[in-house]
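Report on the following structure.
The values are calculated or read from the model by the stated rules, or taken from the named source; none is laboratory data. No experiment lies behind these values; they were computed from the predicted model shown. Positions of Cβ are generated from backbone atoms using ideal geometry, with glycine treated the same way; all protein chains shown enter the neighbour counts.
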């Protein structure tokens, strides 16, 4: 059963289960601080393909394959796949997933897409519209640079506020509560942990917030307002405070956007800095890797969620987290036309239930 709390927060009384999760990342990501948590790292980021776009499609395909294997489900058992990426018409998703034969619902929320796909999969499984769904996103540094900025061969200078698009993908398999116990357990280290212990308790849909940012190399600033708005509305809807959660994780605000987020929320007497992390700051080491303000892209929050965060929930180091993926709703055309770049942030509340 789905209950609406406040204006835009949904509460799941049965709570869909996160059956499994998988992450696949590229070379630069494997050189960062989270390398031990990823399911697969790929040194050849072309994935043996002829184009960067084909390579990105392969990242999504492998993430779904690994997550399905972990869950012990065949592709025929998955009722729907919710997937998206940053490229025109979400071609990485459709190209990467077409051979599975799973009914497909393409999603676009820019870098917020992972939270959006999880929200949709949770609504479908909680309502009974589907028994088992997959939520998956991806991004690739080279394909994103080609579409949104300049060809890599141009060798343009990156501004200090610029972020590095993550090459990677993350996938979660989500089932209705009654199906969760049918799935295989996963083994983390020496601990036998059932993967149906993690559930989706709430989702809060983001609003389109325009901070007036026109610089395509300052995505953190463009997205910070949307993140602040979603956090503020969710806490009000649920009558909770930041300290009620083990961790509040934003998608990829990076250093610039994180500072702005703190400032905006403190104006509302909300302090999250004590238990907040940003995926764009977690996946890379800003001191040793040349990523400027941090990581970004659909694959940024997806790969961090489906590796470090998910596995720390399995081991019960984390039991109640807010995952807020953030996105900049832009296209090369509107940037060239001098239009401002709106932001969006969707929230998913994940909890341990056993």
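Inside segment 93-125, can you point out the residues that are part of a helix (DSSP H, G or I) and under 16 Å from the mean Cα position of the chain (by Cα)?
93, 113, 114, 115, 116, 117, 118, 119, 120, 121, 122 - these are the residues of segment 93-125 that are part of a helix (DSSP H, G or I) and under 16 Å from the mean Cα position of the chain (by Cα).
Note down all Cβ pairs under 6 Å where the first residue falls in segment 299-316 and is over 17 Å from residue 42 (Cα atoms), the second is modelled with pLDDT under 95 and surrounded by fewer than 24 Cβ atoms within 10 Å (Cβ to Cβ), and they're at least six residues apart or on different chains.
Going by the 6 Å Cβ cut-off, the qualifying pairs are 311/188; 314/188; 314/193; 315/188.
Taking segment 331-346 as the region of interest, how many residues are over 23 Å from residue 249 (Cβ atoms) and assigned to a loop (DSSP other than H, G, I, E, B)?
Within segment 331-346, residues that are over 23 Å from residue 249 (Cβ atoms) and assigned to a loop (DSSP other than H, G, I, E, B) number 5.
Which count do you get for residues in segment 59-87 that are in a loop (DSSP other than H, G, I, E, B) and either at pLDDT 95 or above or closer than 16 Å to residue 137 by Cβ (or both)?
Going through segment 59-87 one residue at a time, the tally reaches 5.
Taking interchain pairs and intrachain pairs at least six residues apart, which have beta carbon atoms under 8 angstrom, with the first residue in segment 78-94 and without any contact (Cβ under 8 Å) to a residue 40 or more places away in the chain and the second in a loop (DSSP other than H, G, I, E, B) and buried (at least 21 other Cβ atoms within 10 Å of the Cβ)?
Within 8 Å, the pairs are 91/85.
When you scan segment 1-49 for strands (runs of 3 or more DSSP E) that lie fully inside it, which ones turn up with 2 or more residues that are without any contact (Cβ under 8 Å) to a residue 24 or more places away in the chain and out of contact with any helix residue (DSSP H, G or I) (no Cβ under 7 Å at 6 or more places or on another chain)?
2-5
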